[in-house]
Amino acid sequence: MTVPLTGTLLADLTTTRVGGPARTLVEASTEQEIVEAVRAADAAGDPLLIISGGSNLLIGDDGFPGTVVRVTSSGFTVNDDNATCGGVMVKVQAGHDWDDLVKYTVLHAFTGLEALSGIPGSTGATPVQNVGAYGSDVSHTIATVRTFDRETDSIRSFTNFELQFGYRDSLLKRSTVDGSPRYVVLTVEFQLGLGRMSTPIRYAELARALGVEVGARAYANDVRREVLRLRAGKGMVLDAPDPDTWSTGSFFTNPIVPQDAAERLPADAPRYPSGEDGRVKLSAAWLIDHAGFSKGFGLADDDGFAVAGGRASLSTKHTLALTNRGGASASDLLSVARLVRDGVERAFGIRLEPEPLLINCTL
């Protein structure tokens, strides 16, 4: 375990490239080191921030006035004792790069994660947010999550059912101690199928790209290739030279609203089943675009006006991503986000909610 100098800029550890200094930064590369670092922060009465890939955080310009534990554990094990029953168990360390895991599973004919290719961040973050894309999310494959429970100072494991997964939500996300996560993820275990064919394709855009019907299967390698292509076209695959990828991915979640609220929208507004009785999922991207915020909003318009000096804007590739164009602060990004959120609410009466965690800042 190493403790770098006080004042390390958290911008260096996040995909948005914004965030002020950490008062104390601790790197933890093993389960024991993670638990020890968290225990030490709690014993000192320090505010606690857990960070790994830094892809789902927007950290304020004043930084974090406590202990930041950077989880760098990596590696995974494959248990194929039940392979004859059509599946394998893959146990992954919390700090392991997510897309590295997905790539491995596709290359080794383990099915279930292929539609989640290209998502930045660490594996330990995926169950907290129930990370998903292209009609799939990790709740479909997670078997158990092993955590450190800060409230009881003990190790606790959760089954899929106990995690109470919802849309970009879980028990882990909702459980806090003094505003920080109660449960610190140590490992995640996935139950994956065997074979070269994917799980059924649930997302129409991906099905069209693959030339199959929704509900059909395709070769998992082909699914990964097309998902990476689609995500890259939207600036959703990290690419250091491209500021369209200096973001948290989708900044706003797709709102889930009562049926009557959906019916007040224009007839061409996309609507999807939410899985919640009497409620409908809407497209945040459609709402943003039709409220008058096009790709690149925030950059200079025809009159030369730029929000936050043009340092922050909606992506030029996708209206759901809020991007750092170079030299932006958290305040710059939030200025653009507020304009978009308030504009959508004025236009449609629907208030968008942020998807990333806002640390020491507010929208």
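Scanning the range 20-45 for residues that are among the aliphatic types (A, V, I, L, M) and open to solvent by 50 Å² or more (accessible area, probe 1.4 Å) yields 40, 43, 44.
Among the residues of the range 174-200, which ones are open to solvent by 40 Å² or more (accessible area, probe 1.4 Å) and part of a strand (DSSP E or B)?
176, 181, 189, 191, 194, 197 - these are the residues of the range 174-200 that are open to solvent by 40 Å² or more (accessible area, probe 1.4 Å) and part of a strand (DSSP E or B).
Residues that are at pLDDT below 95 and over 28 Å from residue 334 (Cα atoms) do occur in the range 252-262, at least one of them.
Assigned to a loop (DSSP other than H, G, I, E, B), surrounded by 14 or more Cβ atoms within 10 Å (Cβ to Cβ), of a type outside the set (D, E, K, R) and modelled with pLDDT under 95, is that true of residue 265? Considered against the rule, which asks whether it is assigned to a loop (DSSP other than H, G, I, E, B), surrounded by 14 or more Cβ atoms within 10 Å (Cβ to Cβ), of a type outside the set (D, E, K, R) and modelled with pLDDT under 95, residue 265 comes out as no. For the range 18-40, a tally of residues being over 12 Å from residue 148 (Cβ atoms) and either over 23 Å from the mean Cα position of the chain (by Cα) or part of a loop (DSSP other than H, G, I, E, B) (or both) returns 8.
For the range 303-314, does any single residue satisfy the condition of being among the polar types (S, T, N, Q) and either open to solvent by 30 Å² or more (accessible area, probe 1.4 Å) or under 23 Å from residue 135 (Cα atoms) (or both)? Even if it seems obvious, please write down each step before you answer.
Keep residues of the range 303-314 that are among the polar types (S, T, N, Q), which gives 313.
With either open to solvent by 30 Å² or more (accessible area, probe 1.4 Å) or under 23 Å from residue 135 (Cα atoms) (or both) added as a condition, the list becomes none.
The answer is no; no qualifying residue exists.
For residue 278, the requirement of being modelled with pLDDT under 95, under 20 Å from residue 61 (Cβ atoms) and open to solvent by 30 Å² or more (accessible area, probe 1.4 Å) is not met. Given the structure, is residue 228 outside any loop (DSSP other than H, G, I, E, B), in contact with a Leu (Cβ under 7 Å, 6 or more places away or on another chain) and touching a residue at least 24 places away in the same chain (Cβ under 8 Å)? It is false that residue 228 is outside any loop (DSSP other than H, G, I, E, B), in contact with a Leu (Cβ under 7 Å, 6 or more places away or on another chain) and touching a residue at least 24 places away in the same chain (Cβ under 8 Å). The set of residues from the range 201-251 being closer than 21 Å to residue 109 by Cα, among the charged types (D, E, K, R) and open to solvent by 40 Å² or more (accessible area, probe 1.4 Å) comprises 202, 217, 222, 225, 229.
For every residue, the table says whether it meets (1) within 13 Å of residue 16 (Cβ to Cβ); (2) in contact with a Phe, Trp or Tyr (Cβ under 6 Å, 6 or more places away or on another chain); (3) outside any loop (DSSP other than H, G, I, E, B).
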| site | (1), (2), (3) |
| --- | --- |
| 275 | no, no, no |
| 293 | no, no, no |
| 317 | no, no, no |
| 327 | yes, no, no |
| 335 | no, no, yes |
| 351 | no, no, no |
| 361 | yes, no, no |
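For the range 139-173, the candidate set comprises residues that are part of a helix (DSSP H, G or I) and touching a residue at least 40 places away in the same chain (Cβ under 8 Å); within that set, the residue that is most open to solvent (accessible area, probe 1.4 Å) is 140.
Collect the residues in the range 4-46 that are modelled with pLDDT under 95 and of a type in the set (Lys, Arg), keeping them in residue-number order. 23 - this is the single residue of the range 4-46 that is modelled with pLDDT under 95 and of a type in the set (Lys, Arg).
The values are calculated or read from the model by the stated rules, or taken from the named source; none is laboratory data. Predicted model only: the values in this text are computed from it and were never measured. Note: ideal-geometry Cβ built from the backbone for every residue, glycine included; neighbour counts use all protein chains shown. Please note that ligands, DNA and RNA were not included when accessible areas were found on the heavy atoms of the full protein model with its side chains. Shrake-Rupley method; radii C 1.70, N 1.55, O 1.52, S 1.80 Å.
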